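The values are calculated or read from the model by the stated rules, or taken from the named source; none is laboratory data. This one's a predicted model, so the numbers in the text were calculated from it and none came from an experiment. All Cβ positions, glycine included, derive from the backbone under ideal geometry; neighbour counts span all protein chains shown.
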């Protein structure tokens, strides 16, 4: 194991924790810009239509160029999710035998190539497969980025840093809508090509940089950890490399061993009550948020006769998402970042936010609705940093990548993926958008109740476990 450099070294590495956070935020932003882009009117477009008089329009965007029906258009979105959900646990498991930083590089390379291929697609199947590969590429980053941030953030600012990272989700989607609309008017293919060009430097960085290591993971073949001032000489690096190469040859795990470790880790994860309660609350929360994002504009148009429902809902969600996510992280840091405090914040913010959102749909005035709903969303989005903090700290460090992966898989499979069709089914039955919105919003009370149970669990912060493989943080900021 490489020894930590002494404080006498005066030349710190350029790769500081804040720069790591900035790089990961930009990557996350690009990921979600892509999600907003594919859904934007400029890129997704409209299908070809013909009037009764025989006049036909050629359509626009992907749907128009490939003459896709609504089902095929929906499959393109589902294809991305399939790639993401299948690959996330795989990358998380590989992190125990392959350097996690290199895995992010591999994932970003797949993402870059797949997004570029979206621009070259020529029919439904070509773009569906490309979108699936985009999901595969994003999976490594989704599973591994948050643990890296958690390792290298100042102890008193961990959730604030996570808040900054997850703030990029609503920001990216909102920017993607605008970006897709602007570039899509010129050529929807260029929207994807420009994304690939922007991501390419980060994919290359994942391979050319000395790889970083996650706390609790010290697989054979991984490089030493970067520190505030990398004081290892070339001779020392060479000696370390030779030892690593020898170890790598003698300890490559078999496929059977990898599967055995995966199932063993899954058992540990699912027996951790704090983690399970946290994810169950997150599923209920994401069920509502997913349905809001899909049906919100249509519900707003029908209930309040909004002529610009897309812009109003999109704008409110983007602004509240940015400020709510950042505020949630800052508040938990101010409270002192513990699992118990995280559950208190999760249950309180979600419960009060649900009250405001529920009350908003009870009023007939559009302006009262917007005011109350904005406050509600601000509170509801404050959960993003705390919920991921619990995912990271309720398990030992070596399980954090798998923890994030299973959390991601769960909230989509049981949350936002089924919520949209189920809410549509409910609306078909009751035929009243106000009643549908109120029933949907009430599920936030369930999320708050589940997280409230977490306050009373015997929660142990396992961040400092796995002492057999201690890893120094990436860098220490100079005072």
Open item on the list: Step by step: first the residues of the stretch 53-74, then only those that are under 28 Å from the mean Cα position of the chain (by Cα) and crowded, with 18+ Cβ neighbours inside 10 Å, then the one that is modelled with the lowest pLDDT. Which residue is that?
Closed with: 73
Open item on the list: If the requirement is being modelled with pLDDT under 90, under 30 Å from residue 262 (Cα atoms), touching a helix residue (DSSP H, G or I) at 6+ places or on another chain (Cβ under 7 Å) and in the same structural domain as residue 331 (by TED's automatic domain parsing), which of these qualifies: 407, 419, 403?
Closed with: 419
Open item on the list: With crowded, with 23+ Cβ neighbours inside 10 Å, within 15 Å of the chain's Cα centre (by Cα) and in the same structural domain as residue 345 (by TED's automatic domain parsing) as the only criterion, which of 397, 386 stands out?
Closed with: 386
TODO: Tell me which of these residue 370 doesn't satisfy, since it passes every other one: (1) more than 19 Å from the chain's Cα centre (by Cα); (2) under 21 Å from residue 167 (Cα atoms); (3) surrounded by fewer than 22 Cβ atoms within 10 Å (Cβ to Cβ).
DONE: (2)
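Being crowded, with 19+ Cβ neighbours inside 10 Å and over 15 Å from residue 158 (Cβ atoms) is the requirement here; does residue 342 meet it? Write out each step before concluding.
On the way: crowded, with 19+ Cβ neighbours inside 10 Å: yes; over 15 Å from residue 158 (Cβ atoms): no.
No, not satisfied.
Quick grid of which residues meet (1) surrounded by fewer than 24 Cβ atoms within 10 Å (Cβ to Cβ); (2) assigned by TED's automatic domain parsing to the domain that holds residue 332; (3) at pLDDT below 90:
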{"position": "105", "(1), (2), (3)": "yes, no, no"}
{"position": "119", "(1), (2), (3)": "yes, no, no"}
{"position": "123", "(1), (2), (3)": "yes, no, no"}
{"position": "137", "(1), (2), (3)": "no, no, no"}
{"position": "164", "(1), (2), (3)": "yes, no, no"}
{"position": "182", "(1), (2), (3)": "yes, no, yes"}
{"position": "190", "(1), (2), (3)": "yes, no, no"}
{"position": "197", "(1), (2), (3)": "yes, no, no"}
{"position": "202", "(1), (2), (3)": "yes, no, no"}
Open item on the list: Suppose the filter is assigned by TED's automatic domain parsing to the domain that holds residue 142, at pLDDT 75 or above and in contact with a helix residue (DSSP H, G or I) (Cβ under 6 Å, 6 or more places away or on another chain); does residue 42 pass it?
Closed with: yes
Open item on the list: Considering only the stretch 388-401, I want to know if a residue exists there that is in contact (Cβ under 8 Å) with a residue 24 or more places away in the chain, in a helix (DSSP H, G or I), out of contact with any strand residue (DSSP E or B) (no Cβ under 8 Å at 6 or more places or on another chain) and within 26 Å of residue 316 (Cβ to Cβ).
Closed with: yes
Open item on the list: Scan the stretch 226-233 and tell me whether some residue there is modelled with pLDDT of 90 or more, more than 20 Å from the chain's Cα centre (by Cα) and buried (at least 16 other Cβ atoms within 10 Å of the Cβ).
Closed with: no
- [ ] Any residue in the stretch 321-343 that's within 15 Å of residue 171 (Cα to Cα) and not assigned by TED's automatic domain parsing to the domain that holds residue 160: show its pairings with residues that are at pLDDT 95 or above and surrounded by fewer than 19 Cβ atoms within 10 Å (Cβ to Cβ) at Cβ separation under 6 Å, as long as the two are six or more apart or on different chains.
- [x] none
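Against the definition (modelled with pLDDT under 95, outside the structural domain of residue 318 (by TED's automatic domain parsing) and either within 17 Å of residue 403 (Cβ to Cβ) or assigned to a helix (DSSP H, G or I) (or both)), how does residue 91 come out, yes or no?
Values: modelled with pLDDT under 95: yes; outside the structural domain of residue 318 (by TED's automatic domain parsing): yes; either within 17 Å of residue 403 (Cβ to Cβ) or assigned to a helix (DSSP H, G or I) (or both): yes.
So residue 91 fits the description; yes.
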